Amino acid sequence: MTEGSLPAGNTHAGETARVGVVGAGYWGPNLIRNLAELPRSPLVAVADRDPARLEYARARYPHVRFYSELEELLADGEVNAVVLATPAELHERHALAALEAGKHVFVEKPLATSSAGCRRLMAAAEAHGRVLMVGHTFLHNDAVRWVKARIDEGDLGDVLYLYSRRLNLGQVRQDINVVWNLAPHDISIMLYLAGQRPDRVACHGQAFLQKGVEDVAFLTLEFGAAPGGTGARRAAHIHVSWLDPNKVREVVVVGSRKMVVYDDVDADHMIQVYDKGVDRVPVQAGGAAASDPRERLETFGEFKLWLRWGDLTIPKLRVAEPLRNEMAHFIQCIETGQAPITGALNGLEVVRVLEAADESLRAGGAPVEIDWSAT
Ligand SMILES: NC(=O)c1ccc[n+]([C@@H]2O[C@H](COP(=O)([O-])OP(=O)(O)OC[C@H]3O[C@@H](n4cnc5c(N)ncnc54)[C@H](O)[C@@H]3O)[C@@H](O)[C@H]2O)c1
């Protein structure tokens, strides 16, 4: 994971966070609830230009102040931090206005709809000495963090490939396609688990419901593929759709020693670790003993391949609500000066992959290279 943009820049460490949320539509109420329920309840204001959404929030949190517009909330002198849950195409404008008004800012994903926009936000956060954090929720998810810890400990062996599926019927958006809407989650997870940035991205997609707005997409991220690249060579595949019969939220990591399935929909079996794999054994090492639990797969000249079938483990995890972790982390970064684990640079990385995916989509799925030296 990339550390955030502002370790030294938060010139206001030590102050108490008092947060205003802008956007109480579909997603905002989840952030509002988590802020309201944190210790010392840092929620002090909510803004939404839709009176019905404002009423919804007022009925639940009558003790905070309510505004119709972002600008009114920014003029509230008690508010020193803003959480933006407004549509993606407004993120850059709203975050810039909040930073320029001297507020710390949390922006829902994606950080902006262009890498140039992300860079403008990074520069503003640094110039004003404020925290800028992006809502890559899954990096605050205890299950995802558990998988990452097993990878880093070497328990899975080398990560060979990864894939994810984020499918459902519904939450169809008109403003952005399914790649910009859903794939930021998967891209952030893949970059985090792989511990690398992809050099090459390909994306195929199709638009059925609205012209030019893809409902389903298949992305391939290649890591370590650039000539002279140093990172491990591996791939990640992402399938996102809002036109699918089943709700699926799954990430699979195939390692050389073990394989992990993370199923966000199955609370009882959220993580499954398969002690399965294929071992390469030199031929001169001799055949397996009769009791060898492995199954001989093939002989290739100097080595044999053996299938290994070990135990399936379902670890018991204590999983806090990821949004609670996320909001608590935002408050902690404001109050202690700590850099966000999902800071602006992390937001920029994900948006650069999204831009490459979009370019590939428009080119019929042709692979697009990303030059990270320019980040
Ligand atoms: N982390 C996640 O899992 C997750 C899930 C869903 C959505 N999101 C993100 O949350 C954000 C919001 O998505 P949504 O589905 O809730 O959208 P939405 O359209 O349902 O809600 C956005 C709200 O913002 C309000 N708004 C817009 N401009 C405003 C302004 N200038 N002042 C005050 N209010 C304003 C609108 O009235 C609306 O109620 C998006 O960035 C989306 O990507 C994140």
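The values are calculated or read from the model by the stated rules, or taken from the named source; none is laboratory data. Here the structure is a predicted model, which is why all the values come from computation and not from measurement. No Cβ is skipped: glycine too gets one built from the backbone with ideal geometry, and neighbour counts run over all protein chains shown.
So which residues in the stretch 53-67 are within 14 Å of the ligand (Cβ to nearest atom), touching a helix residue (DSSP H, G or I) at 6+ places or on another chain (Cβ under 7 Å) and not in a helix (DSSP H, G or I), if there are any at all? Once the filter is applied, which keeps residues that are within 14 Å of the ligand (Cβ to nearest atom), touching a helix residue (DSSP H, G or I) at 6+ places or on another chain (Cβ under 7 Å) and not in a helix (DSSP H, G or I), the stretch 53-67 yields F66, Y67.
Among the residues in the stretch 184-194, are any surrounded by fewer than 21 Cβ atoms within 10 Å (Cβ to Cβ) and of a type in the set (G, A, S)?
No, the stretch 184-194 contains no residue that is surrounded by fewer than 21 Cβ atoms within 10 Å (Cβ to Cβ) and of a type in the set (G, A, S).
Scanning the stretch 198-227 for residues that are outside any strand (DSSP E or B) and surrounded by fewer than 20 Cβ atoms within 10 Å (Cβ to Cβ) gives A207, F208, L209, K211, G212, D215, G224, A225, A226, P227. Inspection of the stretch 247-257 finds a residue satisfying the criterion of being assigned to a strand (DSSP E or B), modelled with pLDDT of 95 or more, at negative phi and surrounded by fewer than 16 Cβ atoms within 10 Å (Cβ to Cβ). Of the residues making up the stretch 301-312, none is modelled with pLDDT of 95 or more and either closer than 21 Å to V178 by Cβ or not in a strand (DSSP E or B) (or both).
Here S256, S241 are screened, and the one residue that is hydroxyl-bearing (S, T, Y) and within 16 Å of the ligand (Cβ to nearest atom) is S241.
Residue-by-condition table, conditions (1) polar (S, T, N, Q); (2) part of a helix (DSSP H, G or I):
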site	(1), (2)
A320	no, no
L323	no, yes
Q332	yes, yes
Q338	yes, no
G347	no, yes
V353	no, yes
E359	no, yes
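When the stretch 87-117 is filtered for residues that are more than 14 Å from the ligand (Cβ to nearest atom) and either within 15 Å of G28 (Cβ to Cβ) or within 18 Å of the chain's Cα centre (by Cα) (or both), the ones remaining, listed by number, are S114, S115.
Reported count of residues in the stretch 299-343, each being more than 16 Å from the ligand (Cβ to nearest atom), in contact with a Pro (Cβ under 7 Å, 6 or more places away or on another chain) and assigned by TED's automatic domain parsing to the domain that holds P29, is 3.
Contact annotation: residue pairs with Cβ atoms under 7 Å, 6 or more positions apart or on different chains, pairing a residue in the stretch 62-82 that is more than 22 Å from F330 (Cα to Cα) with a partner that is assigned to a loop (DSSP other than H, G, I, E, B), are S68/R49; E69/R49. Annotation note: Cβ proximity below 7 Å between a residue of the stretch 249-271 that is free of Cβ contacts under 8 Å to residues at least 60 places away in the same chain and a residue that is surrounded by 17 or more Cβ atoms within 10 Å (Cβ to Cβ) and not in a strand (DSSP E or B) (sequence gap 6+ or interchain) occurs for D263/M270.
Of all the criteria given as (1) in contact (Cβ under 8 Å) with a residue 40 or more places away in the chain; (2) outside any helix (DSSP H, G or I), the one not satisfied by I151 is (2). Scanning the stretch 1-17 for residues that are modelled with pLDDT of 95 or more and surrounded by fewer than 19 Cβ atoms within 10 Å (Cβ to Cβ) turns up just one, T16.
Of all the residues in the stretch 154-173, those that are assigned to a strand (DSSP E or B) and surrounded by 14 or more Cβ atoms within 10 Å (Cβ to Cβ) number 10.
Considering the conditions (1) outside any strand (DSSP E or B); (2) out of contact with any Leu (no Cβ under 8 Å at 6 or more places or on another chain), Y192 is excluded by exactly one of them, (2). P39 passes every criterion in (1) surrounded by fewer than 13 Cβ atoms within 10 Å (Cβ to Cβ); (2) in contact (Cβ under 8 Å) with a residue 12 or more places away in the chain apart from (2).
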